[in-house]
Every structure is written in structure tokens, then in C-alpha cells.
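So the structure is just underneath, and the comments pick up after that.
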Amino acid sequence: MNGVSYRPGTRVRLRPSRRADIMDLALAGRIAEVAAVEEDFEGQVHVAVVLEGDPGRDLGAASQIGHRFFFAPDELEPLAGPAGEPPSHRLLVAGVGNIFMADDGFGPEAAAALARRPLPDGVHVADFGIRGLDLAYRMLDGYDTVLLLDATPHGQRPGTLSVIEPDLAALPAEGAPEAHAMDPVKVLALARRLGDGELPRVLVVGCEPEVRMTGDEPDVVVGLSEPVREAVERCVPFVESLIAEILADAAERR
């Protein structure tokens, strides 16, 4: 647009025009990242952006009221040089699980620990909890790889970490996330249906739980068992090394 290419991840400085509303004017000079380029029914092009450093970006495309802003192309100033270029490989690390079901809270706890660490450009960490619909939409935001952090029982010793690459071709044709649960298979199936195309590469970093709950218990259990709590600490360097390996492989293929 206007001789400038925009795609998810492109970094821009916001330069709202005088015709903009008060909210857009208040954002003048802020740095943002392009989330999408959309066209309305009148043929007008709008660029959707999320502010740099805004944690609300992790609410997902369907829930970003107040966190996703629209500007005309001439209201954006692309940052010069490498600072404005979108990362060559975009990676989403998503913590999933229910923090009120004991060790099922591994994913959110691991995501929170990882989010406190410095991460390479293009790597985003978010705790999606049981918000399956938000995760399905977020996976379609131009990511090349998605890492899911989740409690995954495989009959191993509690606290055991593993990496699983699901067979996306074997996903069910239909899938709808439940309102109060997070089933990654249903989320992936829904994302594939919503996206009308190939999903990004998906890897699951799983942790063997010690305390497993079905959701039918009379009381909630907040907090991880000792083996899983210890696994959260080990998970951070484990995921960091996995991210480095993924980015290095992507760089070699360019």
C-alpha cells in the first residue's frame, strides 16, 4: 500500500490524521505491530494494529475490543531498517490448562515463568488458560510455529517433560472448544476450519501430571504438585533451547 508492504509483525509508528477520533489521537507516536490488513464494505482499506507491549493482545482476534486499533495506511509510519521489518519466523508459545484443577495448571504456570524471560523477536508468550476459541483465532495471526504448553499424561514419572508433534492431517473434521475446558485437539480442528488453509507447525511441550482431576470433583484444587512445580522451572530453559533450535532451522531454510 502506497509503495509499502505490510504483513503481520511489521512494526510501525502511529501518525493519526487530524480527522481521527480522540482515542486514535491519544496514540500518536506510539509503536505498534501490524495484526491484519482488512477491507470494509465500502472498499476502504484499514490496517489493524496492536500496541507494542500491550498484554491485551493475547486476548485473541475475537476479543480485542480496546486492544486492537484500526488506522488508514497513510496514518502509519513504517520503522526504518531492520527495526520495522517483521520477524522472518513468528512463534507463539501458548500456555493452556485450568489452574483450578491441580496439575492441569502446568501450562499457564510455565507460560508465566517463560514470559519473564527475554525472548527473541517474533516470539510471543501468552497464557490462554481454558480460552480455546481465543487460541484458535490467535493461531491464525500469521505465526509459523505454535508451541503449546500443557499437562499431558502418558504414564511417565510425574514431572517428566516431553515434546509431541501432533499429526494435523489426522484432526477431526469438526471441533468446537468447550466453554469451561481446553481440549487442544478441538482447538486445532477449529483453527483449521476457520483458517481455510494449512495450520502453522504445532508442537506440544507436555508435562506428566501427578494429580489428575476430571472436573467432577466437589472442590477445586489450586496449585501444582511438587514434581510438576519443579518441572515448571526445568521447562523454561527447555523451551528456550527448543525455540532457539526452531529459529536456527528456519534461518537455514531461508
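The values are calculated or read from the model by the stated rules, or taken from the named source; none is laboratory data. Fair warning: this is a prediction, and the values are worked out from it, not measured in the lab. Ideal geometry is used to build each Cβ from the backbone, glycine not excepted, and the neighbour counts take in all protein chains shown. Just the protein is used for accessible areas: all its heavy atoms, side chains included, with ligands, DNA and RNA removed. Shrake-Rupley method; radii C 1.70, N 1.55, O 1.52, S 1.80 Å.
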Would you be so kind as to identify which of Ala20, Phe128, Leu224 lies farthest towards the positive end of the dipole of the chain, taking Lys and Arg as +1 and Asp and Glu as -1 on Cβ and the Cα centre as origin?
Ala20
Assigning unit charges at the beta carbon (Lys, Arg +1; Asp, Glu -1) and nothing else, what dipole magnitude in debye, to the nearest 20, does the chain show about its Cα centre?
680
Sorted by packing (mean other beta-carbon atoms within 10 Å per residue), highest first, where do 158-171, 106-119 land?
106-119, 158-171
Need one number: % antiparallel among DSSP beta bridges in the chain, to the nearest 5.
50
Calculate how steeply helix 106-115 sits against the longest principal axis of the alpha-carbon atoms of the chain, using the helix alpha-carbon long axis, and give the answer as 0 to 90 degrees to the nearest 10.
40
Of 11-20, 146-155, ordering from highest average Cβ density within 10 Å down gives 146-155, 11-20
With a 1.4 Å probe and every protein chain kept in, tell me what percent of the accessible surface of the chain is carbon plus sulfur.
53
Quick check for you: with a 1.4 Å probe and neighbouring chains kept, what is the accessible area per residue of the chain, in Å²?
52
Would you please give the residues with an amide H less than 5 Å from that of Met101, counting only those at least 5 places away or on a separate chain, with H modeled from the backbone geometry?
Val221
In the stretch 194-239, the trypsin sites (Lys or Arg not before Pro) that sit in a DSSP loop and have at most 16 other Cβ atoms within 10 Å of their own Cβ are Arg212
State whether the stretch 73-171 is rounded, prolate or oblate according to the following rule on the C-alpha gyration tensor (a ≥ b ≥ c being the square roots of its eigenvalues): a/c under 1.5 gives rounded; otherwise a/b larger than b/c gives prolate, and the remaining case gives oblate.
prolate
Inter-site label distance for Arg193 and Ala251 at 7 Å from Cα along Cβ, in nm
4.0
State the extension gain, in nm to one decimal, for the chain segment bounded by Asp121 and Arg13, taking 0.36 nm per residue of separation less the distance between their alpha-carbons.
37.1 nm
Can you find, among Asn98, Gly155, Ala110, the residue sitting farthest towards the positive end of the charge dipole of the chain, where Lys and Arg contribute +1 and Asp and Glu -1 at Cβ?
Ala110
Enumerate the calculated ³J(HN,Hα) couplings along the stretch 95-102 in order (Karplus 6.51 cos²θ - 1.76 cosθ + 1.60, θ = phi - 60°), each rounded to whole Hz, writing x wherever the residue is Gly or Pro.
x, 10, x, 9, 5, 9, 10, 6
Per-peptide average of other Cβ atoms within 10 Å, ordering 217-224, 28-35 highest first:
28-35, 217-224
Taking the Cα centre of the stretch 119-233 as origin and charging only Cβ (+1 Lys, Arg; -1 Asp, Glu), how large is the dipole, in debye to the nearest 20?
200
Angle, helix 184-195 long axis vs. longest principal axis of the chain, Cα atoms, 0 to 90°, nearest 10?
20
